[in-house]
1. Need pairs with beta-carbon distance below 7 Å; first residue free of Cβ contacts under 8 Å to residues at least 40 places away in the same chain and within the stretch 40-60, second more than 8 Å from the ligand (Cβ to nearest atom) and of a type in the set (A, V, I, L, M); sequence gap 6+ or separate chains.
2. From the list PHE136, PHE176, exactly one residue is among the hydrophobic types (A, V, I, L, M, F, W, C) and away from the ligand (no atom under 11 Å from the Cβ). Which is it?
3. When the stretch 81-125 is examined, which residues are found to be within 11 Å of the ligand (Cβ to nearest atom) and of a type outside the set (A, V, I, L, M, F, W, C)?
4. Which one of these is in a helix (DSSP H, G or I), more than 8 Å from the ligand (Cβ to nearest atom), under 30 Å from THR46 (Cβ atoms) and not aliphatic (A, V, I, L, M): SER147, SER191?
5. For the stretch 68-97, give me the residue count where each residue is touching a residue at least 24 places away in the same chain (Cβ under 8 Å) and among the polar types (S, T, N, Q).
6. Is it the case, given these coordinates, that VAL158 is crowded, with 17+ Cβ neighbours inside 10 Å and at pLDDT 95 or above?
Amino acid sequence: MSILAARPTVRPCARHRPKIDRSATLRLALAIMHTPETRFAAAAYTRTAITLHWLVAALIAGAFSVAWSLPEHLHTPADFRLLSIHKWIGITVFGAATLRLLWRLGHPAPPLPSSTPLWQQRAARGSHALLYALIFLIPLSGYLMSSAAGSQVVYLGVLPLPLPLAKDKALAQELFGVHQALTTTLLVLLSVHVLAALKHHFVDRDSVLRRILGRE
Ligand code: HEM
């Protein structure tokens, strides 16, 4: 017996069939798909996004600890070696940040729990955008400062990077101010970022911290 023959052939007559308003169903489906919360929503962070988040975090922690262990005036070869390491970490942050941003453009972040007040959702979006900007601008300002100071970065001691600016001591001094202001902004923003993550975990008891740790 063919499969077609096994199908029921008796269909209720049109008068007794339940009426489905197809245009209303379609309108509802489209409305659900296109609310701001769902249009770009992802179920969770990808493994790659989580790895890049913590890689950038670790590199930034490394760059800060090397910078804070530098003396105010560099004298010994060990001091200059330390400064080079700081620069290499900064360049690596820039590379990892680029990968992170490219990945993020194709892989949206999951939405915050719907219980999160709207102002907090907006603050999170704004501060994340600012964090992304800072992880580019800080290494960039350091790189330009180094170039204006006439000191070429040789990445990992093997790859000489171009000098985009001519030597200019005054400009190097100004860029140093910019670099410092940006890192201070990053420190303030990161403190808020970490406090917010801890609040989500211990006060709101939601999954926001767990999902960036890959434990969701
Ligand atoms: C140190 C450098 C750090 C930077 C530059 C940074 C930056 C960012 C950015 C840009 C996002 C948004 C991710 C996206 O939408 O693609 C994010 C998410 C997140 N970060 Fe960080 N972060 C850092 C460290 C930390 C630390 C130390 C913690 C926790 C103790 C943390 C907890 C979180 C959490 C929980 C999220 C997810 C928020 C959500 O799901 O909406 N971050 N981080």
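1. Note: pairs meeting the criteria are LEU59/ILE89; LEU59/VAL93; LEU59/ALA96.
2. Among PHE136, PHE176, only PHE176 is among the hydrophobic types (A, V, I, L, M, F, W, C) and away from the ligand (no atom under 11 Å from the Cβ).
3. Within the stretch 81-125, ARG100, ARG104, HIS107, PRO108, PRO110, PRO111, PRO113, THR116, GLN120, GLN121, ARG125 qualify.
4. SER191
5. The qualifying residues number 2.
6. Working: crowded, with 17+ Cβ neighbours inside 10 Å: no; at pLDDT 95 or above: yes.
Taking the combined requirement at face value, the residue does not satisfy it.
The values are calculated or read from the model by the stated rules, or taken from the named source; none is laboratory data. What you see is a predicted model; the values in this text were computed from it and never measured. Virtual Cβ from ideal backbone geometry, glycine too; neighbours counted across all protein chains shown.
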